[in-house]
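Below: the structure, in structure tokens.
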Amino acid sequence: MEIGFCGYSYHTTSYTFPFPNQLETYLIRLQTEGTARVVVNGETYAARPGDLLLVRPGDDYALHVDTPASGDYHLFCLGAPLDAWWEEAPRQTMTSIPIDARMLSLWQHITEEARRPAIDQDERIIETLVQALLFMLDRAMHENRMNTRPPVVSRMMRYIESHVTDDFKVADVADAVGLSVSRTVHLFKEATGLTIIAYAQSIRLQLAEEQMRYTQHSLEQIAEQSGFHSYPYFHRIFKRKYGVAPGVYRTLQQKNENK
């Protein structure tokens, strides 16, 4: 696999893509901040946060940033894995997907590996990271097609999932998506049927339940590591969900597994 340019760009002034218009590589580009105009084979697209651009070798491509404060992650690359991925399914030029912190982390890892001196690079690592990114993009595009929830709500969910063990507040979720607290609360409840706190609690309980089954950590440790920060609170929420206290639940699970 051959990586050309990979990384994050943030434009504070007007900008035009400076290279020849006909691409020799695949381009995967995710707009994360601000806006940009993208022209592919003569058709103009307005890129906003969450818009994923897919361009293949031979396509004519131009990028114009007319207003400042435009940010994007991008990957120019070639290789058999990219060819196979492109042919697996129809690829739309522009698709809106949730901005996922885990996906961006993968992008950052690819960038770091690609910037190593050639003698220190391991193509297996780069190829594995790129394929993982492609799989995550596929999942995001599939969820976007199957899901009727607003993209902003999906972004809220990804933020909660990424910070679920932290002591975050509803205001933090609102700040992450650029909305007021009241609008954030309303949209989330309308789209999911849950409050933000209830959704976070459901994930924390899953984390706790998994640790109770597969680790030897104390219940107090599990409560803290799952984001509850208070064992009495964890005990109350857990018993409400599972019908028994955490210690009883753990004992029952251990007995079932030893049968």
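The values are calculated or read from the model by the stated rules, or taken from the named source; none is laboratory data. Because the structure is a prediction, the values reported are computed rather than measured. Note that we place each Cβ from the backbone using ideal geometry, even for glycine, and neighbour counts take in every protein chain shown. Note: accessible area is taken over every heavy atom of the protein model, side chains too, but ligands, DNA and RNA are not part of it. Shrake-Rupley method; radii C 1.70, N 1.55, O 1.52, S 1.80 Å.
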Task: Hits in the stretch 88-103 - residues which are open to solvent by 30 Å² or more (accessible area, probe 1.4 Å) and either modelled with pLDDT of 85 or more or not hydrophobic (A, V, I, L, M, F, W, C) (or both) - done: GLU88, ALA89, PRO90, ARG91, GLN92, THR93, MET94, SER96, ARG102
Task: Answer from LEU52, LEU133, LEU129, LEU106 - the residue that is open to solvent by less than 60 Å² (accessible area, probe 1.4 Å), outside any helix (DSSP H, G or I) and either touching a Leu at 6+ places or on another chain (Cβ under 6 Å) or not aromatic (Phe, Trp, Tyr) (or both) - done: LEU52
Open item on the list: Go through (1) at pLDDT 90 or above; (2) at negative phi; (3) open to solvent by 30 Å² or more (accessible area, probe 1.4 Å) for GLN22 and report which single condition fails.
Closed with: (1)
Task: Inter-residue pairs, beta-carbon under 9 Å, first in contact (Cβ under 8 Å) with a residue 12 or more places away in the chain and in the stretch 115-143, second open to solvent by 80 Å² or more (accessible area, probe 1.4 Å) and charged (D, E, K, R), 6+ apart - done: MET136/ARG102; ASP138/GLU88
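Can you tell which of GLU24, GLU43, GLU2 is of a type in the set (Asp, Glu), farther than 26 Å from GLU123 by Cα and in contact (Cβ under 8 Å) with a residue 24 or more places away in the chain?
GLU43
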Task: Residue that is surrounded by the fewest Cβ atoms within 10 Å (Cβ to Cβ), among those in the stretch 144-176 that are assigned to a helix (DSSP H, G or I) and free of Cβ contacts under 8 Å to residues at least 24 places away in the same chain - done: MET146
- [ ] Restrict the check to the stretch 201-217 and report whether at least one residue is open to solvent by 60 Å² or more (accessible area, probe 1.4 Å) and β-branched (Val, Ile, Thr).
- [x] no
Task: the stretch 214-237 residues that are closer than 18 Å to ASP167 by Cα and assigned to a helix (DSSP H, G or I), paired with ones that are open to solvent by less than 40 Å² (accessible area, probe 1.4 Å) and of a type in the set (S, T, N, Q) (beta carbon under 7 Å, 6 or more apart) - done: ILE222/GLN211; GLN225/GLN211; ILE237/GLN201
